[in-house]
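Below is one structure, written out as structure tokens, with a few remarks after it.
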Number of protein chains: 2
Amino acid sequence: MNDETRYETLDPEDWDKMRALAHRMVDDAVTYLETVRERPVWQPVPDEVAARFDAPAPEKPAGADAVYQEFLESIFPYPMGNIHPRFWAWYMGNGTVFGALADFMAAVMNPNLGGGNHVANLVEAQVVGWMKAMLGFPPDSSGLLVSGGSMANFVGLAVARNTKAGFDVRELGLRAAPQPLTVYASTEVHSCNRKAVELLGLGGGSLRNVAVNEDFTIDLRALEAALAADRAAGCRPICVIGSAGTVNTGAVDDLNALADLCKREELWFHVDGAIGAVAVLAENVKPRLRGIERADSVALDLHKWMHVPFEAGCVLVRQAEAHRRTFALTPEYLEHESRGLAAGHLWFSDYGLQLSRQFRALKVWMSIKEHGLERFGRMIARNVEQAQYFGRLVEKEPDMELLAPISLDIVCFRFNPGGLDEKTLSALHKEILMQLQERGIAAPSYTTLHGRYCLRIAIANHRSRQDDFDALARDVVRLGRELVAQFHRSA
Amino acid sequence: MNDETRYETLDPEDWDKMRALAHRMVDDAVTYLETVRERPVWQPVPDEVAARFDAPAPEKPAGADAVYQEFLESIFPYPMGNIHPRFWAWYMGNGTVFGALADFMAAVMNPNLGGGNHVANLVEAQVVGWMKAMLGFPPDSSGLLVSGGSMANFVGLAVARNTKAGFDVRELGLRAAPQPLTVYASTEVHSCNRKAVELLGLGGGSLRNVAVNEDFTIDLRALEAALAADRAAGCRPICVIGSAGTVNTGAVDDLNALADLCKREELWFHVDGAIGAVAVLAENVKPRLRGIERADSVALDLHKWMHVPFEAGCVLVRQAEAHRRTFALTPEYLEHESRGLAAGHLWFSDYGLQLSRQFRALKVWMSIKEHGLERFGRMIARNVEQAQYFGRLVEKEPDMELLAPISLDIVCFRFNPGGLDEKTLSALHKEILMQLQERGIAAPSYTTLHGRYCLRIAIANHRSRQDDFDALARDVVRLGRELVAQFHRSA
């Protein structure tokens, strides 16, 4: 190496200049969040901005200041919108400024939580312990933070597969299965469960889609019938997935009834609680989640209703040993020691797919300590109240209707002045949705229930206020009437 | 809701106070990294500190300032150590301060890169495009950022499974496989590939461990023999995994030869390049990676030798359609639109396990722009030179020996003054390793090669200087001699 590059690093050449830039960045960021309400919920990325992202990778350094300037011009003005008080699309959280600062500190320390004797693992063990206590899981159950609900469900279903298959799936693979292995969930279960079942090699067809009741919860008699039919046909049922908050309508399956059934039928009881599990913190939801503490495994998300910045999911498994048996490999170069860096019993890599794991526990730890669980409970309860409030606005308005019961914080509704067929209503609402988004008014999403297209708001938003829902109801009716008038004129 | 909680949010009550705290945090963080060399590489977490992490979740808010104070006292002083210039354990990067600031900004914007029309997806598409260009993959290949090498390998192997099985694995599952499906890799392949094969339901036994040559690269004749034997036994080989940098010794398989073989045998060619793929940027490594551009899929890590903070891995798949066919579900509530928030063709959730995806692309984008690819190439090349330099120190010292050829940036070595049996040498080096770590001198790890326990340094470190290796060589010999003298005294 020559003298010029001998002492080159990726560290700043001038630390004070980096310090000054860091100050600008946090100032800009705090102002950005402080003023988010004043800006449109969303706006499309202009073509000329989008075109900037076709450029090849630079060979030469631009330096941090110039890169930040480019960020300010081309990236910062075009957020997805889920930080905004009137974003209710899909199902997302807002994040918080202190949560973002925690992510910064996590990246500064930059530890790897695969395992070992360093403090970050203790932080993760603590927050996983908090989740266990929150859901009523025993202290000796296992768990780890993961990227989100998809991975949390994948982990739970992997343990279910390996534990209930009745043979050594890890070594032999599913081709050795004497009988087809089957998994059960309602037709409303989140699609990531199907993806997990497919990836685990069980085959998408082994996920039985059980019919739902009028309130979109799983039909227990249909489930029992499916189990009986499969057993009669020579299948080996291994697992039932209960939904604690479905993505379409927020329906919560009868978890106690599912726990009873799984106990009786000796099945693994997995709960997809990505949407609703953390609502045990809210007094107005908690009773409906009874039975979640009896699950064999639960998937929950902290980047949704707990507003920890992406990504932060969590999986809990009642039988720690079954969990470890599914994932631990522990080759020699990762052998666990009694002294030094590789010491300690906290080897999260033995409980999941990842070996290198970021310090996502820090933002969970800092967020929960900043606010305390009670405040999270109040925020969640308020979102549920806001859904009820908006539901009443819809019911009071003769030209609007609800398409599903309001279970948690999700409202499915539409403008329906009468006299329009389903095809017209569908086209109308697609246009209403686009205009709400394009005008920056609000960001609902949509779904189809019993073949009827409707708007859908999922209120996992700590910034939403009552008047935001007044505005939404008003604007949907206004846009609906405008568009119907246009349709009539053009017809 | 009552008046007290009507306007409560998770936002700061006092934005200026949060601004002031944010300034303190970035000052502390910049100083922490500026002065990292002055501190010990690692120190154990004291018991009284560890005990603090047994506390239950707080019900009441502590406020951001108090939480940060607790962070400063209980967490910040106990990093893993991989930010330090003399950390060479396992295989990790250091991170950078601007990379950490990028993570902060990503969390402030907090978008979800599952898909849709917002700028974050363009950033990810751009950096994935950079990776394609870097490795010589065609522009119409697909790819996405993932949590790291484990997930990148999992994705590549999932596509391999579904594409080469010869039947509809997604729907039918592996029980429907007419023949056992088999996968091939050297005995030195990273364990995460075994984990992936197990999770995918293929069975760990279907991963054939092929013998290696003296230089720890895969033995091509052994591989051909294994393929022939399996075909003769009625198996269906589907995939060969080449290692571009093994974790034990940094060995790079002959990728062109593997590509030829896979073409001839109609197998999927996956490359685990978590360690070495990014070394195509370094002139002194690039020639040895020839053939990587012919892979069907490649796993690479940016949080290792590119020093992007955890987590940042990437997977590339030559046939975008095969990639999408493995993962896309696209249920209606995620249907892709031509207008609005859900518009655009960039739906990364169609190419991986996760639906909610953080803006990890930003730290990759900001890091590569800050430094330019040439500088990363120089940093990587220097680490390889440092490995060679340390190898020469070992060879010059009569009481030390190398245990494996130095391929990339990994050196396996030991103190061996002669006259000690393997058992004693093993005990001796376990103690040398502990003392190096416990005294905060350096953090190597260890491995066992041909039954011989040895120290191992993996120099993916932009902060390491030549004198750090002088110090390591000196201290290993010094500690070795001290310990041998103690052994003799106590014997």
Under 6 Å by Cβ, and 6 or more places apart or on different chains, what pairs join a residue from segment A:194-212 that is of a type in the set (D, E) with one that is at pLDDT 95 or above and part of a helix (DSSP H, G or I)? A:E198/A:G204; A:E198/B:R170
Restricting attention to segment A:281-292, does a residue exist that is under 24 Å from A:S147 (Cβ atoms) and touching a Lys or Arg at 6+ places or on another chain (Cβ under 9 Å)? yes
Just to be sure I understand, how many residues within segment B:257-292 are in contact with a Pro (Cβ under 9 Å, 6 or more places away or on another chain) and not in a loop (DSSP other than H, G, I, E, B)? 1
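Considering each of A:A152, A:A158, A:A196 in turn, give the residue that is touching a strand residue (DSSP E or B) at 6+ places or on another chain (Cβ under 6 Å), surrounded by 24 or more Cβ atoms within 10 Å (Cβ to Cβ) and closer than 28 Å to A:E311 by Cα.
On inspection, the qualifying residue turns out to be A:A152.
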Criterion first (in contact (Cβ under 8 Å) with a residue 12 or more places away in the chain and in a helix (DSSP H, G or I)) does A:F154 satisfy it? yes
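Starting from residues that are in a helix (DSSP H, G or I) and in contact with an Asp or Glu (Cβ under 7 Å, 6 or more places away or on another chain), keep the ones in segment B:98-141 and report whichever is farthest from B:E374 (Cα to Cα).
First, pick out the residues of segment B:98-141 that are in a helix (DSSP H, G or I): B:98-109, B:119-135.
After this cut, where a residue has to be in contact with an Asp or Glu (Cβ under 7 Å, 6 or more places away or on another chain) as well, the list is B:98, B:103-104, B:107, B:135.
Details: B:F98: 18, B:D103: 23, B:F104: 26, B:A107: 29, B:L135: 15 Å.
Checked segment B:98-141; the qualifying residue farthest from B:E374 (Cα to Cα) is B:A107.
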For segment A:1-56, enumerate the residues that are loosely packed, with under 15 Cβ neighbours inside 10 Å, within 28 Å of B:D16 (Cα to Cα) and among the basic types (K, R). A:K17, A:R24, A:R37
Only residues that are crowded, with 22+ Cβ neighbours inside 10 Å, on the phi < 0 side of the Ramachandran plot and of a type in the set (G, A, S): list them for segment A:215-246, please. A:G242, A:S243, A:A244
Does at least one position in segment B:16-33 carry a residue that is at the interface with another protein chain (Cβ under 7 Å from one of its Cβ atoms) and within 17 Å of A:A120 (Cα to Cα)? yes
Restricting to segment B:170-204, name every residue that is part of a loop (DSSP other than H, G, I, E, B) and under 14 Å from A:E198 (Cβ atoms). B:G173, B:L200, B:G201, B:L202
Can you tell me which condition B:N94 does not meet? The list is (1) over 17 Å from B:K363 (Cβ atoms); (2) facing chain A (nearest Cβ under 9 Å), and all the others hold. (1)
Pairs with Cβ under 9 Å, 6+ apart, first in segment A:367-381 and on the phi > 0 side of the Ramachandran plot and within 8 Å of chain B (Cβ to nearest Cβ), second among the acidic types (D, E) and not in a helix (DSSP H, G or I): A:G372/B:E59
In segment A:34-58, what residues are more than 7 Å from chain B (Cβ to nearest Cβ) and more than 31 Å from the chain's Cα centre (by Cα)? A:E48, A:A55
Cross-chain or 6+ apart pairs with Cβ under 8 Å, segment A:60-85 first and within 8 Å of chain B (Cβ to nearest Cβ), then surrounded by fewer than 18 Cβ atoms within 10 Å (Cβ to Cβ) and outside any helix (DSSP H, G or I): A:E70/A:A62
Residues of segment A:92-119 satisfying the condition of being open to solvent by 10 Å² or more (accessible area, probe 1.4 Å) and farther than 24 Å from A:F327 by Cβ: A:M92, A:D103
Select from segment B:327-341 the residues that are at pLDDT 85 or above and in a loop (DSSP other than H, G, I, E, B) and write down the one among them that is farthest from the other protein chains (Cβ to nearest Cβ). B:A328
Odd one out for B:A133, checked against (1) open to solvent by 10 Å² or more (accessible area, probe 1.4 Å); (2) touching a residue at least 24 places away in the same chain (Cβ under 8 Å); (3) of a type in the set (A, V, I, L, M): (2)
A:S147 vs (1) within 7 Å of chain B (Cβ to nearest Cβ); (2) of a type outside the set (K, R); (3) open to solvent by 10 Å² or more (accessible area, probe 1.4 Å): all pass except (3)
As an exercise: evaluate A:L346 against (1) open to solvent by 40 Å² or more (accessible area, probe 1.4 Å); (2) in a loop (DSSP other than H, G, I, E, B) and give the number of the one condition it does not meet. (1)
Please state which of the following conditions B:P139 fails to meet, knowing it meets all the rest: (1) without any contact (Cβ under 8 Å) to a residue 24 or more places away in the chain; (2) within 10 Å of chain A (Cβ to nearest Cβ). (2)
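Matching residues to (1) polar (S, T, N, Q); (2) within 14 Å of chain A (Cβ to nearest Cβ); (3) open to solvent by 10 Å² or more (accessible area, probe 1.4 Å):
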position: B:A257; (1), (2), (3): no, no, yes
position: B:G273; (1), (2), (3): no, no, no
position: B:G276; (1), (2), (3): no, no, no
position: B:V280; (1), (2), (3): no, yes, yes
What is the number of the single condition among (1) at the interface with another protein chain (Cβ under 10 Å from one of its Cβ atoms); (2) under 28 Å from B:N117 (Cβ atoms) that B:A322 does not meet? (1)
Take the residues of segment B:157-169 that are touching a residue at least 60 places away in the same chain (Cβ under 8 Å) and outside any helix (DSSP H, G or I): which is nearest to the other protein chains (Cβ to nearest Cβ)? B:A165
May I ask you to list the residues in segment B:282-308 that are farther than 20 Å from B:C192 by Cβ, open to solvent by less than 10 Å² (accessible area, probe 1.4 Å) and either within 14 Å of chain A (Cβ to nearest Cβ) or under 16 Å from the mean Cα position of the chain (by Cα) (or both)? B:A282, B:H307
Qualifying positions in segment A:247-265 - under 26 Å from A:I406 (Cα atoms), in contact with a Lys or Arg (Cβ under 9 Å, 6 or more places away or on another chain), free of Cβ contacts under 8 Å to residues at least 40 places away in the same chain and among the hydrophobic types (A, V, I, L, M, F, W, C): A:A259
Please specify each residue of segment B:309-323 satisfying the condition of being of a type outside the set (A, V, I, L, M, F, W, C) and open to solvent by 10 Å² or more (accessible area, probe 1.4 Å). B:R318, B:Q319, B:E321
Exactly one of A:Q354, A:Q388 is within 22 Å of A:G276 (Cβ to Cβ), modelled with pLDDT of 95 or more and either open to solvent by 10 Å² or more (accessible area, probe 1.4 Å) or within 13 Å of chain B (Cβ to nearest Cβ) (or both), and that one is A:Q388
Can you tell me how many residues in segment B:190-229 are away from every other protein chain (no Cβ under 14 Å) and farther than 23 Å from B:D301 by Cα? 17
Please count how many residues of segment B:57-77 are open to solvent by less than 30 Å² (accessible area, probe 1.4 Å) and not in a helix (DSSP H, G or I). 4
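The values are calculated or read from the model by the stated rules, or taken from the named source; none is laboratory data. Quick caveat, the model's predicted, so the values are computed rather than measured. Positions of Cβ are generated from backbone atoms using ideal geometry, with glycine treated the same way; all protein chains shown enter the neighbour counts. Heads up: the accessible areas ignore ligands, DNA and RNA and are worked out on the full protein's heavy atoms, side chains in. Shrake-Rupley method; radii C 1.70, N 1.55, O 1.52, S 1.80 Å.
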